[in-house]
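The values are calculated or read from the model by the stated rules, or taken from the named source; none is laboratory data. Predicted model only: the values in this text are computed from it and were never measured. When we count neighbours, we look across all protein chains shown, and the Cβ atoms used for this are built from the backbone with ideal geometry, even at glycine. For the accessible areas, the whole protein counts, side chains as well, though only heavy atoms, and no ligand, DNA or RNA atoms are used. Shrake-Rupley method; radii C 1.70, N 1.55, O 1.52, S 1.80 Å.
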Protein chains: 2
Amino acid sequence: DTCNKISKYLQAQNYECNIIGVPKTIDNDLAATDHCPGYGSAARYIAISTMEVYLDARVYDTPMVCVLEVMGRNAGWLTAATALAAYKGAGPDLIYLPEIVFDMDKFISDVKKVYEKNNGKVIITVSEGIKDKAGRYISEYGSDLAKEKDAFGHAQLGGTAQVLASKLKQVLGCKARAIEFSLLQRCASHCASKTDVEEAFNAGRMAVKYAVSGITDHMVAYERDNTPEYKCNYKIVNLSEVANAEKKIPREWINEEGTGLTQAFIDYALPLIQGESSPPMENGLPRFAKLKKVKAQI
Amino acid sequence: DTCNKISKYLQAQNYECNIIGVPKTIDNDLAATDHCPGYGSAARYIAISTMEVYLDARVYDTPMVCVLEVMGRNAGWLTAATALAAYKGAGPDLIYLPEIVFDMDKFISDVKKVYEKNNGKVIITVSEGIKDKAGRYISEYGSDLAKEKDAFGHAQLGGTAQVLASKLKQVLGCKARAIEFSLLQRCASHCASKTDVEEAFNAGRMAVKYAVSGITDHMVAYERDNTPEYKCNYKIVNLSEVANAEKKIPREWINEEGTGLTQAFIDYALPLIQGESSPPMENGLPRFAKLKKVKAQI
């Protein structure tokens with residue numbers, strides 16, 4: 001979308017410049033590409049962190065309800081990545097995506113069932129953007145509370161997870177903790193997927209190659225081989241195919257109850273998080289590259 | 001403390017059992033030991049994540065104020081670990097610890113200075129347990145807001161970071177984001193310090209060895225060699241030396257303004273986060289060990 005706008009603007013200014021987009025977004029919601037650079041790494045961070053929280057919640061014998069909030073206003077790709085943790089036996093019991101209308105009563109009943117079955121241990125993951133059938137964000141439920149007295153001007157009652165954890169505390173009378181992966185999920189480069197990093201590098205190189213060769217108004221896209229073994233190919237697609245189209249999780253990849261993902265999603269996502277890529281370490285901490293501007297070599 | 005209680009209870013029950021404590025706590029606040037098993041790994045996770053947030057905040061040219069909340073009710077060891085990120089040039093501008101009385105006016109003035117100097121980029125790290133001079137937790141400031149209407153029963157306005165971010169939004173009129181490391185800081189085993197993991201293993205082995213040899217009511221403790229190169233030795237100390245004593249950061253390791261750490265802290269903490277220790281990976285995700293109960297071999 002940004003590419004499209006930049007390209008049109010430059011044309012209007014009679015400035016000759018070839019524009020090739022790279023579909024970088026951890027949200028993974030762009031059309032015309034199998035997946036997006038960045039998604040595999042964010043998905044890997046989210047899956048690993050969810051597994052670790054799962055383990056932490058099982059250290060004590062007391063009931064423990066955790067609501068983990070993952071980025072995603074309209075598409076649940078990042079939240080769905082927590083299904084990879086469940087696939088490994090250490091993940092959420094319930095997953096709520098923006099693709100499915102959220103119903104508070106059903107939610108409470110879902111959680112109660114797991115709570116009773118699992119001796120009070122429940123891990124729930126939610127997209128920040130879940131909405132009720134009236135189209136209202138669940139995160140807005142909290143602002144009802146703060147509306148009356150707004151001493152800090154912009155204060156609000158936290159996000160989706162906090163609203164849900166508060167509700168569960170009230171209903172179940174137990175400890176319920178809200179955890180937001182927040183910015184960490186988009187910047188945790190120490191946890192990157194090697195597959196993602198390599199594909200992203202190739203996508204960038206191809207974009208420069210196409211632009212220099214005279215092509216414009218296109219985007220590099222990933223295409224997956226239709227073979228048992230994962231293989232990612234690169235192609236270019238017209239920007240108009242991509243602009244303003246938002247790719248959501250297909251309904252058939254979500255289970256019937258709308259609280260989990262099917263094997264089809266696991267098959268889609270698991271190859272994207274393979275391999276470890278960590279920045280070089282120095283004194284136990286990452287050494288970030290400081291880039292100089294140099295002319296691209298093809 | 002727990003060890004002490006267990007030991008006294010078993011003695012009262014005439015149950016013969018040798019008790020040797022291991023000072024495991026990421027809080028690092030136990031007396032009679034140089035540092036605690038767990039601290040190095042949590043400190044490493046916190047330092048790395050802070051560096052990543054720093055980098056993320058510099059991606060855009062717009063002002064960005066981030067308040068990162070770290071665990072620690074009375075001792076600031078974990079929050080102080082963010083000074084390691086600053087030492088690497090990608091850390092907080094301001095650090096607020098429970099060891100220093102928190103003053104909201106001074107805080108706002110501190111932040112304003114950095115905000116103007118750094119073109120609106122400010123990274124602040126705070127301990128959850130900072131208090132004002134009346135002894136009131138800053139996190140409680142938020143509940144004033146929610147007091148009026150408490151629809152969810154237990155709802156409250158998030159934690160310390162959220163209170164401060166709301167305040168800064170109001171005062172500076174810019175985007176201010178609150179991030180809590182929450183449970184992640186105590187369970188992120190994918191980010192563990194190798195030094196910490198090895199020392200913890202040794203501490204556990206020594207505890208068993210001493211207990212079997214007939215010693216009781218003691219704790220394994222770490223002692224650092226007084227040499228330029230870091231070396232950790234192990235000793236045992238009497239439980240009574242440890243019980244109910246809380247080790248805080250020495251005042252001279254905190255800068256005069258109370259908003260940062262001195263080189264003495266860096267020298268203390270940096271050796272503890274050296275080396276990488278990640279659980280074995282399988283399909284890009286950690287494989288957690290499932291332990292069977294077996295008799296200890298010395």
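General remarks:
- Residues within segment A:248-298 that are open to solvent by less than 50 Å² (accessible area, probe 1.4 Å) and assigned to a strand (DSSP E or B), tallied: 5
- Sole exception among (1) without any contact (Cβ under 8 Å) to a residue 24 or more places away in the chain; (2) away from every other protein chain (no Cβ under 14 Å) for B:VAL59, by number: (2)
- When B:ILE273, B:ILE249 are screened for being away from chain A (no Cβ under 14 Å) and modelled with pLDDT of 95 or more, only B:ILE249 passes.
- Qualifying residue in segment A:122-137 (condition: modelled with pLDDT under 90 and assigned to a loop (DSSP other than H, G, I, E, B)): no
Table: residues versus (1) crowded, with 17+ Cβ neighbours inside 10 Å; (2) free of Cβ contacts under 8 Å to residues at least 24 places away in the same chain; (3) part of a helix (DSSP H, G or I).
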| position | (1), (2), (3) |
| --- | --- |
| B:LYS209 | no, no, yes |
| B:MET219 | yes, no, no |
| B:TYR222 | yes, no, no |
| B:ASN226 | no, yes, no |
| B:GLU229 | no, yes, no |
| B:ASN233 | no, yes, no |
| B:VAL237 | yes, no, no |
| B:GLU241 | no, no, yes |
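- In segment B:53-69, of all residues being in contact with a helix residue (DSSP H, G or I) (Cβ under 9 Å, 6 or more places away or on another chain) and surrounded by fewer than 17 Cβ atoms within 10 Å (Cβ to Cβ), the one that is farthest from B:GLY159 (Cα to Cα) corresponds to B:VAL59.
- Summed over segment A:6-30, the residues that are over 24 Å from A:ILE249 (Cα atoms) and either assigned to a loop (DSSP other than H, G, I, E, B) or not assigned by TED's automatic domain parsing to the domain that holds A:VAL220 (or both) give a count of 7.
- Selection from segment B:217-263 of residues that are of a type in the set (Gly, Ala, Ser) and within 28 Å of B:ASP1 (Cβ to Cβ): B:ALA221, B:SER240, B:ALA243, B:ALA245
- Subset of segment A:4-25 (residues that are open to solvent by 30 Å² or more (accessible area, probe 1.4 Å) and under 30 Å from A:ALA264 (Cβ atoms)): A:VAL22, A:LYS24
- Candidates A:ILE100, A:ILE95 - the one that is modelled with pLDDT of 95 or more and either among the basic types (Lys, Arg) or under 19 Å from A:ALA178 (Cβ atoms) (or both): A:ILE95
- Residue within segment B:188-201 that is more than 15 Å from B:ASP34 (Cα to Cα), open to solvent by 10 Å² or more (accessible area, probe 1.4 Å) and away from chain A (no Cβ under 14 Å) present: yes
- Only one entry of A:SER49, A:SER41 meets the criterion of being in contact with a strand residue (DSSP E or B) (Cβ under 7 Å, 6 or more places away or on another chain) and within 14 Å of chain B (Cβ to nearest Cβ), and that entry is A:SER41.
- Positions within segment A:161-183 being of a type outside the set (Asp, Glu) and within 19 Å of the chain's Cα centre (by Cα), in sequence order: A:ALA161, A:GLN162, A:ALA178, A:ILE179, A:PHE181, A:SER182, A:LEU183
- Subset of segment B:52-85 [within 30 Å of A:THR25 (Cβ to Cβ), assigned to a helix (DSSP H, G or I) and within 16 Å of the chain's Cα centre (by Cα)]: B:THR82, B:ALA85
- When segment A:160-175 is filtered for residues that are open to solvent by 10 Å² or more (accessible area, probe 1.4 Å) and more than 7 Å from every other protein chain (Cβ to nearest Cβ), the ones remaining, listed by number, are A:VAL171, A:LEU172, A:GLY173, A:CYS174, A:LYS175.
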